[in-house]
Amino acid sequence: MRLIQYLDEGRLRAALVESNDAVRPIRIEGGVYALARIAIDSGQKLSAVVEVRLDEELIDYQPLIDEGRLLPPLTHPDPAHCLITGTGLTHLGSADTRSAMHAKALKAGVQKDKPQKADDSELTDSMRMFNMGVEAGRPGPGETGVQPEWFYKGDGDWVVAPEAPLSAPAFAEDAGEEPELVGLYLVGADGLTWRVGFAVGNEFSDHVIERQNYLWLAHSKLRQCSYGPELLIGDLPAHLEGTSRITRNGETLWEKPFLTGEDNMSHSIANLEHHHFKYAGFCRPGDVHVHFFGTATLSFADQVRVQPGDRFEIELPALGRALRNPLIQEEEVKVQRPMGVL
């Protein structure tokens with residue numbers, strides 16, 4: 001089952017995806033957030049809550065895109081209560097990509113399925129963290145795995161709807177895509193976190209800043225992002241194949257396949273979730289969490305430099321329609337005025 005959100009005369013609506021051409025509206029006010037709240041509070045499956053509220057008539061999918069009414073598939077009524085976070089070095093091959101990005105090459109390489117053996121003193125911090133994930137990122141039942149690299153991206157105001165432009169700040173050095181699997185969550189009234197589903201995401205970042213000094217990773221992630229347009233409810237396939245693409249003036253500038261899902265990851269999803277929600281501050285009742293699970297495929301690693309007007313396209317067929325966003329850039333640097341003192 002896949003869901004979308006859209007605007008209908010200014011109202012937030014949700015719909016079930018029936019096909020590439022049609023969706024079936026759901027009789028609910030407040031979209032997917034409201035549906036998930038009902039499911040949690042009543043102890044029902046989200047699919048059951050959806051099924052009893054389906055309209056009889058279908059509506060066309062494409063006009064929602066053409067008219068700019070398509071929204072991310074889960075949002076919070078108050079954007080400050082939607083937290084955007086992510087983890088890196090979580091996929092097999094991601095250390096290769098990190099090596100290609102950074103000016104200082106790794107002294108020990110990594111194969112697609114396992115790291116090369118090398119003296120720990122010869123490894124960068126990135127490679128050491130990657131190796132830790134390979135060795136202890138997939139714990140068994142009742143065990144705790146190693147924690148991953150983690151970062152904060154912003155709140156709900158930093159989220160851009162599918163098909164809407166991603167904006168790079170004027171001070172940005174780069175504006176690169178990161179095709180990723182995204183977990184969407186809602187915290188219940190008792191502080192228990194519930195996974196609502198999964199979506200495809202573009203974890204838009206500044207890779208030049210990150211390459212200059214890995215301690216600037218936090219700065220490089222403070223950018224907009226996008227996810228959707230569809231929310232997959234239910235089991236996630238362990239092996240997912242997608243395509244990341246950049247088009248310029250209607251022509252393909254760069255294109256590359258990418259793999260995700262647990263079969264292609266050095267960490268289990270459960271381990272990544274555990275190390276995010278182990279913090280009490282991330283279990284505040286009513287909050288929405290949007291968590292990016294990482295990637296091993298970047299155009300930046302292939303020396304691609306994007307420019308305003310280019311369009312990012314991320315396809316992950318198991319999760320529905322492709323996520324598309326054009327790129328724009330702020331024209332002027334916003335001057336930070338002196339801070340007042342009370």
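The values are calculated or read from the model by the stated rules, or taken from the named source; none is laboratory data. Being a predicted model, the structure only gives us computed values, none of them experimental. Neighbour counts run over all protein chains shown; Cβ positions are idealised from the backbone, glycine included.
Structure notes:
- Qualifying residue in the range 259-270 (condition: more than 21 Å from residue 134 (Cα to Cα) and touching a residue at least 60 places away in the same chain (Cβ under 8 Å)): no
- In the range 262-297, the residue that is surrounded by the fewest Cβ atoms within 10 Å (Cβ to Cβ) out of those that are of a type in the set (A, V, I, L, M, F, W, C) and within 14 Å of the chain's Cα centre (by Cα) is 269.
- The strands (runs of 3 or more DSSP E) found wholly in the range 124-210 and carrying at least 3 residues that are among the charged types (D, E, K, R) and touching a residue at least 40 places away in the same chain (Cβ under 8 Å) occupy 149-155.
- Check on residue 152, of a type outside the set (A, V, I, L, M), surrounded by fewer than 15 Cβ atoms within 10 Å (Cβ to Cβ), within 18 Å of residue 84 (Cβ to Cβ) and in contact with a Lys or Arg (Cβ under 9 Å, 6 or more places away or on another chain): yes
- Whether a residue is at pLDDT 70 or above, in a helix (DSSP H, G or I), in the same structural domain as residue 1 (by TED's automatic domain parsing) and not aromatic (Phe, Trp, Tyr) was assessed, and residue 49 passes this test.
- Scanning the range 59-85 for residues that are out of contact with any helix residue (DSSP H, G or I) (no Cβ under 9 Å at 6 or more places or on another chain) and part of a strand (DSSP E or B) yields a count of 2.
The rows are residues; the columns are (1) farther than 28 Å from residue 22 by Cα; (2) out of contact with any helix residue (DSSP H, G or I) (no Cβ under 9 Å at 6 or more places or on another chain); (3) of a type in the set (Phe, Trp, Tyr).
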| residue | (1), (2), (3) |
| --- | --- |
| 273 | yes, yes, no |
| 278 | yes, yes, no |
| 284 | yes, no, no |
| 290 | no, no, no |
| 300 | yes, no, yes |
| 320 | no, yes, no |
| 329 | yes, yes, no |
| 342 | yes, yes, no |
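- Restricting 15, 34 to those that are touching a Lys or Arg at 6+ places or on another chain (Cβ under 8 Å) and either hydrophobic (A, V, I, L, M, F, W, C) or in a loop (DSSP other than H, G, I, E, B) (or both) reduces the list to 15.
- Which numbered condition residue 266 misses (of (1) within 28 Å of residue 163 (Cβ to Cβ); (2) touching a strand residue (DSSP E or B) at 6+ places or on another chain (Cβ under 7 Å)): (1)
- Against the conditions (1) surrounded by 17 or more Cβ atoms within 10 Å (Cβ to Cβ); (2) touching a strand residue (DSSP E or B) at 6+ places or on another chain (Cβ under 9 Å); (3) at pLDDT 90 or above, residue 146 satisfies every one except (2).
Residues checked against (1) buried (at least 17 other Cβ atoms within 10 Å of the Cβ); (2) at pLDDT 95 or above; (3) in contact with a Pro (Cβ under 6 Å, 6 or more places away or on another chain):
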residue: 177; (1), (2), (3): yes, yes, no
residue: 180; (1), (2), (3): yes, yes, no
residue: 185; (1), (2), (3): yes, yes, no
residue: 189; (1), (2), (3): no, yes, yes
residue: 198; (1), (2), (3): yes, yes, no
residue: 202; (1), (2), (3): yes, yes, no
residue: 210; (1), (2), (3): yes, no, no
residue: 235; (1), (2), (3): no, no, no
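- Residue ID - surrounded by the most Cβ atoms within 10 Å (Cβ to Cβ), chosen from residues in the range 23-46 that are out of contact with any Phe, Trp or Tyr (no Cβ under 6 Å at 6 or more places or on another chain) and over 22 Å from residue 185 (Cβ atoms): 25
- Only one of 263, 287, 206 that is in contact with a Cys (Cβ under 8 Å, 6 or more places away or on another chain) and either modelled with pLDDT under 95 or in the same structural domain as residue 142 (by TED's automatic domain parsing) (or both): 287
- All told, residue 298 meets the bar of being farther than 30 Å from residue 37 by Cα, touching a residue at least 40 places away in the same chain (Cβ under 8 Å) and in a loop (DSSP other than H, G, I, E, B).
- Looking only at the range 224-242, and only at residues there that are in a strand (DSSP E or B) and among the aliphatic types (A, V, I, L, M), the one that is nearest to residue 25 (Cα to Cα): 231
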